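The values are calculated or read from the model by the stated rules, or taken from the named source; none is laboratory data. Remember, it's a predicted structure, so these values are computed and weren't measured experimentally. With ideal geometry, Cβ positions are generated from the backbone for all residues, glycine too; neighbour counts draw on all protein chains shown. Just so you know, the surface numbers come from the protein's heavy atoms only, side chains and all, with ligands and any DNA or RNA stripped out. Shrake-Rupley method; radii C 1.70, N 1.55, O 1.52, S 1.80 Å.
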Amino acid sequence: MAGRGAVQLWIGAGLSGFFCLAGLLSLVWTPYDVTVLDIGNKLAPPSAEHLLGTDHLGRDMLSMIMAGARTSIAVALVAVGIGIGLGVPLGLWAAARKGSLTDEIVMRGNDLVFAFPSLVIAILITAVFGPSAVNAIIAIGIFNIPVFARVARGAALTLWTQDFILAARVAGKKSARISVEHILPNIANLLIVQGTIQFSLGILAEAGLSYVGLGTQPPTPSWGRMLADAQTFFYGNPSLAILPGLAIVLTVLGLNLMGDGLRDALDPRLQRSIR
Amino acid sequence: MAMADTASPQAEQGLQLDKLSLAIHGTQILQDVSLTIAPGQILGLVGESGSGKSLTAFSVARLLPEGSVTSGQVTLDGTDLTALSEADMCALRGLRLSMIFQEPMTALNPVKTIGDQVAETLLIHRAANRRQAYARAADLLARVGLDPERIPPGRYPHELSGGQRQRVCIAMAIALQPQLLIADEPTTALDVTTQARILALLRDLVREEGMACLLITHDLAVVSQLADRIAVMQKGQIVEAGPTGQVISKREHPYTRALFAASAHQPRRAAAATQAPLLEVREARRDYRLPRASLWQAPGHLRAVDGVSFTLRKGESLGLVGESGCGKSTLSRAILGLEPLQAGTIALEGAPVAPEMGADLRGRMQVVFQDPYASFNPRHRVARILSEPFYLTGRPPDAEQRIAAALEAVEMSASDGLKYPHEFSGGQRQRIAIARALITRPDLIVLDEAVSALDVSVRATVLDLLAGLQERFGLSYLFISHDLTVVQAITDRVLVMQKGRIVEEGPTRAVFEAPRHAYTQALLAAAPRLVEDA
Amino acid sequence: MGYILSRLISLVVSLAAASVVIFAAVEVVPGDPAAFMLGLNASEDTIAALRAELGLDGSVLERYVGWVGGMLTGDFGTSYTYRVPVADLVSQRIVVSLPLAGYALLLSTLLAVPAGLVAAAWRGRAPDYGIMAASQLGIAVPNFWFAMLLVLAFAITWKIFPAGGFPGWEAGFWAGMRALTLPAIALALPQAAILARVLRSALIEQTGQDYIRTARAKGLSSGAALRRHGLRNAMIPVLTILGLQFSFLLAGAIIIENVFFLPGLGRLIFQGITQRDLVVVESVTMLLVCAVIVVTFLVDIAYALVDPRLRRR
């Protein structure tokens, strides 16, 4: 029902918005400077000075989570941007030339990329260029390209069979113009929904890559790095691992809820079939 | 069977609806519908879209969407269906009551063989063991006219044509000799010649098996030929019912009169055709590449249009008739310069028509499509939709006035330009599509099944509009349709197309009165006609 | 037959393309792989020796053909750091990685299929909401973090399972399985959540199909119509997801092996990276990608078994 979708949408937007804002805020202000170590005050429990305690180097956990949000979200967002920026035009192009060699090459290229999980891409890049946050962005971004290409092509193909596209062709419009003017606005909903899904997957992937040392490098804080650092200490101090993990879970959960809510809100076909 | 012979209408036999009402989520859909069908009889339930005729059928079978509330009685051979539990209804559906639906293309499960699907009816109701059921299924498929040599029971639905699939559906429905057969627009998705054969099959089966048959259709001609009794439905109510001949000759209710008038409607047309040629098609040929059958074989070709030649004169309305797959849509796309020809030429007043032709030439031809729901970008307002063809001419300074004028020409108001397409009914959308075609002041409008999706009453008004516009603007029409009555009503000359070729050409009246080619004769014979004096 | 042949050709083409990509990334992009592997302080002589050992003196094409030819005959090269054939390393490690992936896939399917069926059957009611909420959470949890929580709970607090390491299958089947259980659970849970959702929506999509209505008109109850006619059609999207999941399981396993210190292929790759052992990285990556491509091929074949429209005579 529409009401349930709306509730999902708002809870999801609230959760993910909260962490995005925290990340934005960390650009100008954090309770403590995360580049300053305070070894004497390491592994402190939560207190009035440090609301979430401190880590093994005495850095304020709240500040670390805020700064980590900035990195994790930025990496995932840029990767989604790469996916949309390259994948959508490729998908639209392939759909406009359905059955042609172009279409075939784009789709086979997609299949090929799908055979390389983003972790494998990251491994290859790291093996050659060494680890960095840019690696993570490229690895996740490359994996996003075929995802968006496929969604865009699939949706565009059904639209290309519709009469209003034929009418535009009768009006002399070429396929590039039709793709931008008629196809893109009608598949925007789907792309937005897919975008939130890939955004959340990107956060998970960034965490994984940074956790194994293929992504964000110290001293830049990221949620995945914090978990990697916590591994040696968390038997005694479980909160070091639990807090950044919770931040990931809540952000991803929020994005997924938002994606589901958006899908319900934007897809009229779905509204009809839900009773 | 034997029951049919003793068909003196005993109250207990056949189907009776008594004051059946239906509301879905509080909206009243059906009101006090009462009907009787005797065994071996066909009742034709006619009405326009949204009149509630299909939901009447689903109420009888109790296959209604959630949130439905019914009242009244439905009695089948003495059993009150409304009193049965869902489990009892399951035991009854397929055994004593069965259904055939409109869309044979999607009505069958794509991953099971047709034999399996027919045998399933028998197996569900434990009427046979597995081996017997498959043997019986093979018999049934032969019975409905599927030659076991060519279409054995091991085939999958995607290997069959629409008409063949509908035959499979019929075989499933009659497998257990039910007392009631509900056929919901069973031939609407089929070609006329296929339709005639399927209808004949249905009629014979009803007579032989002594079933009561509820035939739901929007087509008056179909019921007039097939039904023993007619019930006319409007807005969820039966407005008139009786023996077929009586309803057709008396037409007591005004709605019945309007419906009959609309379906036989002939728009008043001024003969404006000149001798000057406008569009000349010479030996046009269009091939499609088929997907390779196997990797090593060269891909085959389908010749969709095969050496077609004709001339469309200025001010003329030319009909192009043929069944689905005959190549008429391909031809129309070539005429609009959307697809290239492999051989031959198309010229508009001497200027060659091809995909690379100039904008000014393109602007002289416009098109109206069949589906009023798919014809517009749902995200654009009507004014923007209408101005799309200005891409060809450049947006003129008086664009606003011309959009308003086009809307007024199709009897809509200029303020409708601010609305979105979903705010309009099917008939209004088709008017908007016509307005879009008028905006570049073209010489030729291709009407590709432009009235086929409309209800008869709406269709009549759109035909009037088209006739009026032709006179007012001196337009030429190429009117593509599978519907012979419509072509007869609005064209001066007609082309008959079969398998990519024009097999007959001539003045509409002459072709309809004395068809020369065997295919035209078959088409005309198959087309359902309103039997006026039964 | 034509369909299987065309998939087979596509399999070979994909494998060839993937091998070119990996070869180019590892052997061509860095310039001189030998210098790269030895680092900045290596002398000219040692680099030259390594170049000769790796056969880097030939042209790019010769080296590519040599590498692919070697892979095809089971010769994956010799690890520079371990000084043993990579094939030996792989065969030691694969007996950990493969059972782990299989174990996880089994757990995930056992969890997801009943959950998806129940949710679809009770859709819009309490069991559906419960399962869907749980699956939302399952998708949002990073598997390596979940692994850490599992260790905290079942290895440290309640000492039921070991916190990491692998005793080797020599220690007995059950000892091995015990060591793999927590990693398999950590891998399986997020995958199960995705699979359950896909299965549920595929089944619900089926309820609106015309042929389900036909089946209802034959006398099947709504549940029976869905079971007999919907399930097989719903398998098509589920198969797609199962295929995709394999590649995620593989990637996930690389990380999970690190959490639990399992001596699998993932650990081998990481050791290869840290020690700049390009021979190991190149061959093991190719092996992983190869596995994904072969699974995709198997899924395509499974489509044809489910859907007769893909079978051409």
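As a fraction of the 1.4 Å probe accessible area of the stretch A:71-253, surface on carbon and sulfur atoms comes out at 71 percent. With all protein chains in place and a 1.4 Å probe, the accessible surface of the stretch C:88-311 carries 70 percent carbon and sulfur. Solvent-accessible surface (1.4 Å probe) assigned to B:Leu290 amounts to roughly 70 Å². For B:Val446, the residues 5 or more places off, or on other chains, whose built amide H falls under 5 Å of its own are B:Gln366, B:Val367, B:Val368, B:Leu478.
Let me check something: with ligands and nucleic acids excluded, how do A:Thr30, B:Thr70, A:Thr216 order by accessible area (1.4 Å probe), largest to smallest?
B:Thr70, A:Thr30, A:Thr216
Angle check, please: helix C:278-306 long axis (alpha carbons) against the longest principal axis of chain C (alpha carbons), in degrees 0 to 90, nearest 10. Relative to chain C, helix C:278-306 is tipped by roughly 20 degrees.
Among the protein heavy atoms, those of B:Asp483 account for about 40 Å² of accessible surface (1.4 Å probe, every chain in place). Counting only protein heavy atoms and using a 1.4 Å probe, the accessible area of B:Arg229 comes to about 80 Å².
A dipole drawn for the protein assembly as shown from +1 and -1 charges on Cβ atoms has a positive end, and of C:Val68, B:Thr520, B:Pro355 the residue lying farthest that way is B:Thr520.
Pairing chain A with chain C buries about 3600 Å² of accessible area. This figure sums both sides and uses a 1.4 Å probe. Angle of helix C:231-259 to the longest C-alpha principal axis of chain C, folded into 0 to 90 degrees and rounded to 10: 40°. Helix-only arithmetic for the protein assembly as shown: the sum of -39500 (n - 2.57) across DSSP H runs with n ≥ 4, divided by the residue total, places the mean residue ellipticity at 222 nm at -17500 deg cm²/dmol. Just give the residues from the stretch B:362-409 buried by at least 50 square angstrom of accessible area in the all-chains context relative to the isolated chain, probe 1.4 Å, and say none if nothing qualifies. Buried by the other chains: B:Phe369, B:Ala374, B:Asn377, B:Arg379, B:Glu388, B:Tyr391. Normalise the Debye intensity by I(0) for the stretch C:88-311, one equal point scatterer per Cα, no solvent, then take log10 at q = 0.08, 0.14 Å⁻¹ and round to two decimals. So the normalised log intensities work out to -0.36, -0.93. Working note: Karplus 6.51/-1.76/1.60 with θ = phi - 60° gives the stretch C:82-93 the couplings 7, 6, 10, x, 4, 4, 5, 4, 4, 5, 5, 7 Hz, where Gly and Pro are set to x.
Can you give me the % of accessible surface on chain B that is carbon or sulfur? Probe 1.4 Å, all protein chains present, nothing else counted.
Percent of accessible area from carbon and sulfur atoms in chain B: 50.
Counted over all Cα-Cα pairs of the protein assembly as shown, pairs farther apart than 40 Å make up 57 percent. For chain A, complete DSSP H runs whose alpha carbons reach 15 Å or more along their own long axis and whose mean Kyte-Doolittle score is -0.5 or higher are A:2-28, A:61-82, A:101-114, A:118-129, A:133-160, A:184-211, A:239-266.
Among the GluC sites (Glu not before Pro) in the stretch B:13-119, those located in a DSSP loop and surrounded by at most 13 other Cβ atoms within 10 Å of their own Cβ are B:Glu66.
Where in the stretch A:185-200 does accessible area fall by at least 10 Å² between the isolated chain and the complete protein assembly, at a 1.4 Å probe radius? The answer is A:Pro185, A:Asn186, A:Asn189. A Cβ-based charge dipole, computed about the Cα centre of chain C with Lys and Arg at +1 and Asp and Glu at -1, lands at about 2180 debye. Backbone phi angles across the stretch B:220-226, fed through the Karplus curve with coefficients 6.51, -1.76 and 1.60 (θ = phi - 60°), yield HN-Hα couplings of 5, 4, 4, 5, 5, 7, 10 Hz in residue order; Gly and Pro are listed as x.
The C and B chains share an interface that buries close to 2500 Å² of accessible area, total over both sides, probe 1.4 Å. GNM on chain A, alpha-carbon springs under 10 angstrom: the most fluctuating residue among A:Val193, A:Val75, A:Val249 is A:Val249. Relative contact order for the stretch A:1-107: 21 percent, from Cα pairs under 8 Å spaced at least 6 residues apart, divided by residue count.
Within the stretch C:72-170, the chymotrypsin sites (Phe, Trp or Tyr not before Pro) that combine a DSSP coil assignment with at most 16 other C-beta atoms in a 10 angstrom radius are C:Trp122, C:Trp158. The mean count of C-beta atoms from other chains within 10 Å of the C-beta of residues in A:224-232, rounded to a whole number, is 2. Remark: relative contact order (chain B) = 15 percent; criterion is Cα-Cα distance under 8 angstrom and separation of 6 or more residues. The order of A:Ile84, A:Ile65 by accessible area, most exposed first and with a 1.4 Å probe, is A:Ile84, A:Ile65.
Figure note: A:Trp160, C:Trp67, C:Trp174 ranked by solvent-accessible area, largest first, 1.4 Å probe, ligands and nucleic acids not counted: C:Trp174, A:Trp160, C:Trp67.
Relative to the longest principal axis of the Cα atoms of chain C, the long axis of helix C:60-72 lies at roughly 60 degrees. Entry comment: accessible area of the stretch C:88-311 is 38 Å² per residue, from protein heavy atoms only and a probe of 1.4 Å.
Per residue, the stretch A:1-146 exposes 45 Å² of accessible surface when a 1.4 Å probe is rolled over the protein heavy atoms with every protein chain present. Excluding same-chain neighbours fewer than eight residues apart, the aspartates and glutamates reachable from B:Lys314 by a Cα-Cα span under 13 Å are B:Glu280, B:Glu349, B:Asp443, B:Glu471, B:Asp492. Of the candidates A:Asp163, A:Asp111, A:Asp103, which one comes out as most mobile in a Gaussian network treatment of chain A with C-alpha springs shorter than 10 Å? Comparing A:Asp163, A:Asp111, A:Asp103 in a Gaussian network model of chain A, the most mobile one is A:Asp163.
Taking the square roots of 5 times each eigenvalue of the Cα gyration tensor of the stretch B:357-509, largest first, gives ellipsoid semi-axes of 26, 18, 14 Å. Its Cα centre serving as origin, the protein assembly as shown has a Cβ charge dipole (Lys and Arg +1, Asp and Glu -1) of approximately 1060 debye. Computed from backbone phi, the HN-Hα couplings of the stretch B:382-391 come to 4, 4, 5, 4, 5, 7, 4, x, 4, 4 Hz, rounded to whole numbers (Karplus: 6.51 cos²θ - 1.76 cosθ + 1.60, θ = phi - 60°; Gly and Pro given as x). Using +1 at the Cβ of each Lys and Arg and -1 at the Cβ of each Asp and Glu in the stretch B:356-500, identify which of B:Ala437, B:Met497, B:Val458 lies farthest towards the dipole's positive end. Positive-end residue among those listed: B:Ala437.
Accessible surface for the stretch B:195-262, divided over its residues, is 37 Å² per residue with a 1.4 Å probe. Taking every alpha-carbon pair under 8 Å whose residues sit at least 6 apart, the stretch A:71-253 reaches a relative contact order of 29 percent.
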